[in-house]
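The values are calculated or read from the model by the stated rules, or taken from the named source; none is laboratory data. Remember, predicted model here, so these are calculated numbers, not experimental data. Cβ: placed from backbone, ideal geometry, glycine included. Neighbour counts: every protein chain shown. Remember, those area values only see protein heavy atoms, side chains included, never the ligands or the DNA or RNA. Shrake-Rupley method; radii C 1.70, N 1.55, O 1.52, S 1.80 Å.
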Amino acid sequence: MRCISLSGFGFKSVSSFFNLRALSFTFSSMASSEDSLRRALADKQSAVEAQANSVRALKAAGAPKPDVETAIEALNALKLQKASIEKDLQAAVTGAADGSAVSREAFRQAVLNTLERRLFYILSFKIYRGVAGLYDYGPPGCAVRSNVLAFWRQHFVLEENMLEVHCPSVTPEIVLKASGHVDKFTDLMVKDEKTGTCFRADHLLKDFCNEKLQKDLTISAETAAELRHVLATLDDLSSDELGAKIRKYGITAPDTRNPLSDPYPFNLMFQTSIGPSGLSPGYMRPETAQGIFVNFKDLYYYNGNKLPFAAAQIGEAFRNEISPRQGLLRVREFTLAEIEHFVDPEDKSHPKFSEVANLEFLMFPRKEQTSGQSAKIIRLGEAVAEGIVNNETLGYFIGRVYLFLTRLGIHENHLRFRQHLANEMAHYAADCWDAEIESSYGWIECVGIADRSAYDLRAHSEKSGVALVAAEKFSEPREVEKLVVIPVKKELGLAFKGSQKNVVEALEAMKEEEALEMKANLETKGEVEFYVCTLEKNITIKKSMVTISKEKKKEHQRVFTPSVIEPSFGIGRIIYCLYEHSYYMRPSKAGDEQLNVFRFPPLVAPIKCTVFPLVQNQQYENVAKDISKSLTAAGISHKIDITGTSIGKRYARTDELGVPFAITVDSTTSVTIRERDSKDQIRVDVEEAAAIVKEVTEGRRTWEDVWSSFPHHSSVSADADD
């Protein structure tokens, strides 16, 4: 293992923008530096005030003019020193490392302006002033989305022989009741007590802390440390704790400054009714996974009653966000691509793990997080061998996700896999990792890879009464000793009333070691303290409430509920981060303006190639149309432009769309092919042009290979306006 700190990518180039102190892995050292600057500023402020008092005292005492002037010079020198510290502190907390560096917000706005102007996305229902959290994809945005999803299918569904399904977006209430979404899919909300406007409580607290840390240079190092601690533990705060923090810091409604209500839970699902009677409640699905779980029995049969196997689904999901923010990252309707890989809980090895075991990339295990260390580059095989990653199958999918994202164009130095802390994971989960991509918003969770154990199938089995299980048939009968835990429901009902079900589930879910320890304690003491996760408290179990024993029996097969490894991809978030990672600016030929460029890999570029006649000429236009037909026949998306605009301006327009190649027709026998980022051009025969572009865009040849194989072309006029 070795540590790495970001050097970043750039505003004018993709490798310098993220060299912002606030976006570095070395957060601990940054916080330490910021604290020392705050202390230095406080000391310097005290020195300025003391010197100012000295000047006033000298003037009041009628001191000689030279003495007063010397004191004033010292005061001005202290003020200059204070201003210098303020500048350094401002840079540390806002992310502008020096005077020439652009802020994250300015970079983000440049990206968004370009995306909106070139119609990558549009605010939905724009002519009616739009609706927060809803966006439309324009033509290039649609093409990028389609290309990303096509590659996802190729990389996962086809390569892993997954079973793809497509399920309805409208889901009956009983399904989401079984999954826990009806009761627990909530965020804490507060209301403006006068206007009734709703806000997400943790976002208000987060905004307050960030605002103080980034813009209030007068707060002490101790206060800054307290605010950073609040940010680090924000997800752990209960409703009461969140409310207490809001009151402590005097946080009010953002626009009106009115007082806020206490936080209370708000379910994020869109509710509807199925059918005209209104008697069958349903919801717009908040995820696609439940459709796969409820079809497990049929999918298992389709797969020949064999494990492991994976099912996949791409589809829309819906979450009624309280106050959507972060632009395209937090929306109310979005595309998910989810995989449910069903595996024997006693064998989570993976036959193809060796193919990814030697990958090395940034990982952020929980140990490093809790001890204040940085993310580390770790070899995946080492992470699994040392138990950092729970099992090979989980590790395999982490590796495959890494390859998927980096091949799309996500910068590997700005991608990390962060392990969930213990308090983030559901009680049933074995291990969970998030693929987080660094953007101008900070680290954004884009893919979740979780070992969910057997929770989902068990929950639906219990609610539906249909056994969602798999079987391993033995060649010969086996005598096995099985643990049998039988909760005495009558006794538990009398003791725990409405919580009986939670207690029964917890008892039945005990591992063998825990159950045998309980049996021993019940036999010696008659009762035992037992923690029930779903109740979040200890209860007392008496000997009359449960029977625990081990029985021997012969079995011809082992029937079990499979575990599930679930990679879940937020496609919209991945695409937005890809936009930021691909965007840069470069000077025009004349040097009088900065031109926008999206450095999309050909794999995801919305248009693979443009075709330009150099000048308006009927013969050139005919050649351009013939090449266009060849590109269409080859399945290459392209755009033909026969306008009279200068070739340099046409190049600039297509660079702004991220088009990787441009064919320029300047004769009837040969044409040039230009590569977007290098602006290098080769000359090829007209008949070869479409085939060469196809080979390079499909990855069968590299541009470097093509560059070394064909004559180079240089034209002053071609880049005159570029």
- Query: Across region 549-583, what is the total count of residues that are open to solvent by 10 Å² or more (accessible area, probe 1.4 Å) and assigned to a strand (DSSP E or B)?
  - Reply: 15
- Item | Any chance A97 is open to solvent by less than 30 Å² (accessible area, probe 1.4 Å), modelled with pLDDT under 85 and either more than 29 Å from Y584 (Cβ to Cβ) or over 24 Å from the mean Cα position of the chain (by Cα) (or both) | no
- Note on the structure: By residue number, the members of region 221-262 that are among the hydrophobic types (A, V, I, L, M, F, W, C) and either part of a helix (DSSP H, G or I) or farther than 20 Å from C198 by Cβ (or both) are A221, A224, A225, L227, V230, L231, A232, L234, L242, A244, I246
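Just give me the residues in region 667-677 being over 20 Å from L603 (Cα atoms) and open to solvent by 40 Å² or more (accessible area, probe 1.4 Å), in sequence order.
At the first step, the residues of region 667-677 found to be over 20 Å from L603 (Cα atoms) are 667-672.
If the condition is that a residue be over 20 Å from L603 (Cα atoms) and open to solvent by 40 Å² or more (accessible area, probe 1.4 Å), then T668, T669 are the ones that fit.
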- Check on L149, in contact with a helix residue (DSSP H, G or I) (Cβ under 7 Å, 6 or more places away or on another chain), surrounded by 15 or more Cβ atoms within 10 Å (Cβ to Cβ) and over 18 Å from I574 (Cβ atoms): no
- Filtered residues of region 100-115 (kept if assigned to a loop (DSSP other than H, G, I, E, B) and either open to solvent by less than 50 Å² (accessible area, probe 1.4 Å) or in contact with an Asp or Glu (Cβ under 7 Å, 6 or more places away or on another chain) (or both)): A101, V102, S103
- Starting from residues that are more than 27 Å from F598 (Cα to Cα) and open to solvent by 30 Å² or more (accessible area, probe 1.4 Å), keep the ones in region 389-417 and report whichever is modelled with the lowest pLDDT. N390
- Task: Could you identify the single residue in A178, A201 that is more than 23 Å from the chain's Cα centre (by Cα) and within 30 Å of L535 (Cα to Cα)?
- Result: A178
- Can you name the strands (runs of 3 or more DSSP E) wholly within region 585-660 that have at least 1 residues being open to solvent by 60 Å² or more (accessible area, probe 1.4 Å) and out of contact with any helix residue (DSSP H, G or I) (no Cβ under 8 Å at 6 or more places or on another chain)? 594-598
- Is it the case that region 287-296 has a residue that's part of a strand (DSSP E or B) and either hydrophobic (A, V, I, L, M, F, W, C) or out of contact with any strand residue (DSSP E or B) (no Cβ under 8 Å at 6 or more places or on another chain) (or both)? no
- Query: Is it the case that region 349-369 has a residue that's touching a Pro at 6+ places or on another chain (Cβ under 9 Å) and under 30 Å from I174 (Cβ atoms)?
  - Reply: no
